[in-house]
Structures are given as structure tokens and as C-alpha cells.
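Student: Please see the structure below; I have some questions.
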Amino acid sequence: MRVTSPAVDILLTISRIRYSAVVILCKCPAIHFYKIQIGLRQLRFQEKNKRTGHFKIETRMSGNVLGVIPVNCNWAWAVATGLVAILYWAVFVHESRLDRMLKKFPGYKDYPIAGHGYMFVNPEDTLTVLDGWLRQYGKRCRVYYGSYFKVLMLSNPIDIEKVAKSPELIEKSSFYNHVKVWLGDGLLISKGKKWYTHRKLLTPAFHFKILENFQPIFDDNSKVLVNVLKKFEDKECEIQGIVNRCTLDVICETAMGKQLNSLLDENNPFLRATLRESELLWMRMTNPWFQNSIIWNYLSKCGKEEKANRKILHSFTAEVIKERKKTFASKKASQFLQQSNNDDDESGYFGTKQRFAFLDLLLNIQAAGEYEMTDEDIQAETDTFMFEGHDTTAAAISWAIYLLGLNPLQQAVVHEELDGIFGDDKTREVESADLPKLKYLEMCIKEALRLYPSVPLISRAVFQDFKLDDGSIIPKEALIVLNAYSAHRDPDNFPQPEEYRPERFSLENTLKRHPYAYIPFSAGSRNCIGQKFAMAEVKTILANIFRNFQVQSLHTPDKVKAVAELVLRAKNGIRMKFNSR
């Protein structure tokens, strides 16, 4: 390899820095292991060999040398030596302030570069391992996910409250950055003034009056789900995928006013793209190699697939927004809301009666002009509604069905409650007025979310040192993770935590617990904006399922492994049997 004159100058300059890089390198345990001792006094570059175009490096040695550094080699060796020396210093010698301060908290043995990664080879073991550490180390422990994420994990309700309520810890961690390519700067990821403004503007979309308007959508789609489940009567059925299609249909209609009908077409392109996008982004978030954008975008097949997949999703929502804008040009969102309850309105937007959608609120904000709401903002918030509004809800419904299928006594109480409200009429609409009466069903839902929270790990970024109530300091640049899975299984707050006991959520028992011992919808100012929407949807879908079926779970908990991905799923699915009542 020929080297230009500037490169020669650089190398000669490097050569004048005596000893340092190689001395550090010689302290490497690997070199001592092979009993190699190097006495290096000087590296000197000689004139370029006219015949080969290479430089000759002469080494002057003292002492007995086991020849590991050749007398004649090209300049690349010197550069490689320096890089290895720097790497060794960074990994084995240097200890940052972040590392020093985090080591004040207890934690399992970690290793350079890998951190605790060697403990998470099997994804289905992750939550169990973390839960064991938190119990062992007193509800606080440091966890290093390689060298990328240095985490302090918390499960103590007092610590959770302190973190959740702090205005200093309102921003999501960098762990969420990879989702931004799909969701943009929407409510899930945005920060600062933009997050605060959008949160305030979007809160009215979840007013109970608007939720009442969505109730028929919940009911209609849950009845389609019941008809799909009837095809599996007395047969084995995997429910996670089916329920996911139902909740995607619901959020598509409520968020965008678009009927997707994926329950009737499991090959729907938007459905397939949505499911695959979640898988690909989770793969990137958890694979150390894929943290590098060059590797992911240009060298990885998965990265290229994700880009094409994302294009399908963005094109779909962009087209719906475009069409909705045309309709909105003549009718403001307030008129949509008025017409939604008018039985005479058969104008048939997307083949249905006009109904208010979340998208209409965004368009109304943009049209009013009081606050900035760009087309990109509308796309980001719509995509965020679509993502957050179906996956987490589907997980909650699936786990609730599974647990009731395991516990026939509690299922019988649910049947009794439903029969007391609906009688033998299995087709009557589940109305908003029915939902508050479903008290025991609600306790069953909450118990399912205790055992299997849809989002088991909640992270926050630390931009300045943060003091906990006992005076412990969480250093800036650390990540805080609130472990809802472990908090929900803490025997101090939930005796016999592995047992299924819906009665834990009676009003009397709830008031006895610390309010931050149970955080299925996150906590604090960044809690889930749509939790009332989600609870109404889950209640409606479960009510229609259990009005029609006796449900049996086919696998015990030891065979159903919960895996923390973007949401908490069963690794190999949840297999059930549905028998008509």
C-alpha cells in the first residue's frame, strides 16, 4: 500500500510519542498469559523503501524478547497497535464518573463490553432474572446492557413515585429512539415544550363524551371477533394473533375513521406490515450490532426490510389523512362529533355513518391555527395512536382470557355478573352505561395486568444527578428503568404474588396499598393518555367473549413463557379452547 506524504508526517508524529501505547498494550492480561515481555525503547520510521513502497519500522529492544513485534512491517501495524491500546485503556483502565457512581448501587457481576448481556441470552428469562436481582438486592440494582445502556432498575413504590412525579425525569430514554423512524415525534417520544403542548391538546380526545361515541365501534368489532372464535369451537385456538387483529381494527376506525377489517382478512397488507414493523424494531433495539445506523441501514437485510415495511405504513396513514382532510374541509371536527349520534346520517364516509375520529381533533387544531400542528405532526400523532392503541390492548385482553381460562371458579363469577346484566340476550349491544356495572370483570382485568403488565419496563433518561428520598444519587447519563413486572409481584404489596386473586382490586384492598405499587399504565405526567379508552375497549371485548363462551386454557403458566418485547407477549402463543355457553 502506498502512503502519501501527509500520511508519512502523521505517522512520524505518532512515533515520537514514546512508550505510551505499547506500554499499555503490554499490560494486557492476554500478552502476559503468553508470557510475552516487550522492552520497547523507540520506534523509528526509516526512509520509504523505493522498491516496495512500504516503510520499514526498526525496533530497539532491551532484555530477552519473544518476538511479537516484527522488525520489518508496514505502517498499518503501528496504527493497529495504537487502536488496541486505546481500546484496552477505555475498557480495562478508564472508569467514568457514571460507572463509579452506579457502582454504589448493588448489582450482579458484570464484565467489560458485555456488561450483564451474558445473562440475557434467552429472552424468555429476562424478566425472571431481573425480578430475582431486585429481590436479592433490595428493589434497586444496576444493570448493564452491554456498553450502550447503563441502567439503575427500581421496583420500590417509594422510588417509583419519586421518579414518576419528578419534572426532571420526564423524558423517555434513548432506548426509544429507534422507534422514532416509524412514529416520528409523536406523543410517545416527543419531549419538552412540544410534548407538553401536544399532551394538553390531545387530552380532550379521551373525554368520556367522546369515549361514549367510540363504544359502538368497540362493540361492533368485538362481535366480529366472537364470530371468528365460533369457527374454532371445540378446537385448539391461538388467541394472541386473533385478538391483535381485533384491536387493530378498533384503533384504525377510532383513530382514523377507516375500517380495516383485518379480522376478516389476515393477509391485509397494513396488518402484516404493522406486526412485522414491531418485530424488526425490537430486533434493532436489542441487538448491539444494530445500534449502528450504517450497519442497520446499509449492511443488514433486516434494516432494508424495515425501511420498505415502514414505507407501507406511512403511505397508508398519509393516504387516510389526505382523504380525511378533503372531508374535513367542509365539516369541522365538532360537526363530526354532532353527527356521530345522528341516526339519519348515512353519508357513508368509508362506508359507515360519520363518526368522530382522533384524526379529526388533530385537523381541527391545525385549522384553528392557535397552536402549531404541522402535517408531519399529524402523521406522527396518528401513527403513535395506531401503535400504542392496539398492541398493548391486545396483550391485556389475551392475558385476561388466558388467566380466566386457567381459573374456572373466577370465570364462573364473571359469567354470573354478565348474566345479571344481559340475561340470555347474547346480541344486545354493550353500552357505555353497562361498563361501570362490570365490577368483577374489571378486577379480573386489573389482576391480569398485575401479573402480565403490557409494558413491563418503563425507562427514563437522567440529564442531571437525581437524588432519591434516602439521599442516594442517580448520576446523569444513567437510564432509570421502573420494573412494573417486579413491582406487581412484590410480596410486600401483593401477598402470594404468583396466585391469581382478582379480589386484590376491590376498593377496600386497593386503598390499603401504596398508589405506586401498581403501574400498568405507567405513572406520573407521562402515564398512558388513553387508559380510560383502553379499559372501556377491554371490558367490552371481554364481556362479549364471556357472554358467548366457556373458555379453557390448554397450557399451565410454566409452559407459557412471557417475553418482554415492545409489549409483553407469550413466546409460543396462548392456546385456548372456546365452547359455546
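Student: Filter region 175-197 down to residues that are of a type in the set (Ser, Thr, Tyr) and farther than 18 Å from Ser522 by Cβ, then give me how many there are.
Tutor: 1
To keep it simple, each residue is scored yes or no on (1) in the same structural domain as Asp249 (by TED's automatic domain parsing); (2) in a helix (DSSP H, G or I); (3) hydrophobic (A, V, I, L, M, F, W, C).
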site	(1), (2), (3)
Leu441	yes, yes, yes
Ser486	yes, yes, no
Asp490	yes, no, no
Cys528	yes, no, yes
Glu537	yes, yes, no
Leu542	yes, yes, yes
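Student: I would also like to ask the following. From Phe208, Phe270, which residue is buried (at least 17 other Cβ atoms within 10 Å of the Cβ) and closer than 29 Å to Lys532 by Cα? Please lay out each step first, then the result.
Tutor: Working: Phe208 fails: buried (at least 17 other Cβ atoms within 10 Å of the Cβ).
The match here is Phe270.
Student: Let me ask you something else. Checking the condition over 20 Å from the mean Cα position of the chain (by Cα), assigned to a helix (DSSP H, G or I), closer than 29 Å to Ala357 by Cβ and modelled with pLDDT of 90 or more, which residue from Pro216, Pro204 passes?
Tutor: Criteria check complete, one pass: Pro216.
Student: Right, next: I want to confirm something. Restricting to region 251-274 and keeping residues that are more than 21 Å from the chain's Cα centre (by Cα) and not in a loop (DSSP other than H, G, I, E, B), which single residue is nearest to Lys539 (Cα to Cα)?
Tutor: Out of the qualifying residues, it is Thr254.
Student: Tell me, yes or no, whether region 232-246 has at least one residue that is buried (at least 20 other Cβ atoms within 10 Å of the Cβ), within 17 Å of the chain's Cα centre (by Cα), part of a helix (DSSP H, G or I) and assigned by TED's automatic domain parsing to the domain that holds Ser315.
Tutor: Yes - at least one qualifying residue is present in region 232-246.
Student: For region 387-416, give me the residue count where each residue is of a type in the set (D, E, K, R) and surrounded by fewer than 18 Cβ atoms within 10 Å (Cβ to Cβ). Show your work before the answer.
Tutor: Narrowing region 387-416 to residues of a type in the set (D, E, K, R): 388, 391, 416.
Okay, now just the ones that are also surrounded by fewer than 18 Cβ atoms within 10 Å (Cβ to Cβ), so 416.
Qualifying residue count, region 387-416: 1.
Student: Taking Ala517 as the residue in question, decide whether it is farther than 30 Å from Val430 by Cβ, among the hydrophobic types (A, V, I, L, M, F, W, C) and in a loop (DSSP other than H, G, I, E, B).
Tutor: yes
Student: Quick one: how many residues across region 96-148 are free of Cβ contacts under 8 Å to residues at least 40 places away in the same chain, of a type in the set (Asp, Glu) and touching a Phe, Trp or Tyr at 6+ places or on another chain (Cβ under 9 Å)?
Tutor: Number satisfying all stated conditions: 1.
Student: Residues that are surrounded by fewer than 20 Cβ atoms within 10 Å (Cβ to Cβ) and in contact with a Cys (Cβ under 6 Å, 6 or more places away or on another chain), at least 1 per element: which helices (runs of 4 or more DSSP H) completely within region 89-200 meet that?
Tutor: Here the list is empty.
Student: For region 378-400, enumerate the residues that are among the small types (Gly, Ala, Ser) and part of a helix (DSSP H, G or I).
Tutor: Correct list: Ala380, Ala394, Ala395, Ala396, Ser398, Ala400.
Student: Same structure again: Of all residues being crowded, with 16+ Cβ neighbours inside 10 Å and more than 30 Å from Lys258 (Cβ to Cβ) in region 290-317, which is modelled with the lowest pLDDT? Just the residue, please.
Tutor: If we take residues in region 290-317 being crowded, with 16+ Cβ neighbours inside 10 Å and more than 30 Å from Lys258 (Cβ to Cβ), then Gln291 is modelled with the lowest pLDDT.
Student: Sticking with this one: Could you check how many residues of region 506-542 are surrounded by fewer than 14 Cβ atoms within 10 Å (Cβ to Cβ), closer than 26 Å to Ala433 by Cβ and of a type in the set (D, E, K, R)?
Tutor: 1
The values are calculated or read from the model by the stated rules, or taken from the named source; none is laboratory data. Keep in mind the model is a prediction, meaning the values are calculated, not measured. Neighbour counts are summed over all protein chains in view; Cβ atoms, including those assigned to glycine, are modelled from backbone coordinates with ideal geometry.
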